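Engineer: I have a structure here, written as C-alpha cells, and I will follow up with some questions on it.
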Amino acid sequence: MRRLHTLPYVLLATLCLAVQLPTARAGISYTGDIDPADPAEWDSSTNGYIGKTANGTLTVDDGSDLLSKNCYIGYNSGVTGEVTITGTGSTWASSESIVPVITSYVGYFGNGTLNITSGAAVSHPSVLCIGYNAGSTGQVTVDGVGSTLTPYHSFASSVIHVGLFGSGTLNITNGGTVSNAFSYIGAIPARWEWRRSTA
C-alpha cells in the first residue's frame, strides 16, 4: 500500500529532473561556459562567448545553422574556448551591417580554437583576429574539401589577422579554403605560424 502512496512523488521528482536538464537543438551541442546560454537561440544581434570566465565548447553538426553578430572564443586570460563546425550543410554565419566594422576573436585574452571540418562553412564578420591580445593563443583549422572560411559580406575591406598581439595559427588542410581581401600574419608583435597541406 505504501508503494502506491509514494508513486506520485516519484513521478513528480522524475518530471522535475527532466525539466531541469539543459536543452539543445539537434546538431547544436555545448558544454561549460557559453554566453548567452543557449546558442540555438542566438541571432544576428548576439555577441557570443565560448569560454568567457571558464572553459567552454560548442559543436555544430548534422547540417545545423548557427547565427551571431560576432564571437569571442577564449575570452579571459587562462580560459579555453573551442568551437567545431563540422559536416556538409553545417554553418556559422556572423551577420552584420557593413557599418560599423565588427570583429570576431579566436583567442581574445585566453586560448581559442575554431575547427571547420568535413564540408562545413563559417562566414566571419569584416575582421577576424586569431590570437588578439598579448598572452592569447588562437588556432583556426579549415580541413577537408568543401570546408570554407569566408567573410560574411564579400566586400573589399575584409581582414584576417593571424597573431595580432598574441600567437596565431591558421591551418588550411586537405582541400579546405579560406578567402578574404587582406591577411596580416604576425602583425604587432607576435608569433605566427601558417600551415598548408599539399595532400
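The values are calculated or read from the model by the stated rules, or taken from the named source; none is laboratory data. Quick caveat, the model's predicted, so the values are computed rather than measured.
Engineer: For segment 124-188, please list each of the strands (runs of 3 or more DSSP E) lying entirely inside it that holds at least 3 residues being at pLDDT 95 or above.
Structural biologist: Those strands (runs of 3 or more DSSP E) span 137-143, 167-173.
Engineer: Being modelled with pLDDT under 95 and small (G, A, S) is the filter here; which residues of segment 92-120 pass it?
Structural biologist: Of everything in segment 92-120, those that are modelled with pLDDT under 95 and small (G, A, S) turn out to be A93, S94, S95, S97, S104.
Engineer: Which of (1) of a type in the set (S, T, Y); (2) under 16 Å from the mean Cα position of the chain (by Cα); (3) at pLDDT 95 or above is the odd one out, the single condition T88 does not satisfy?
Structural biologist: The single condition T88 does not satisfy is (2).
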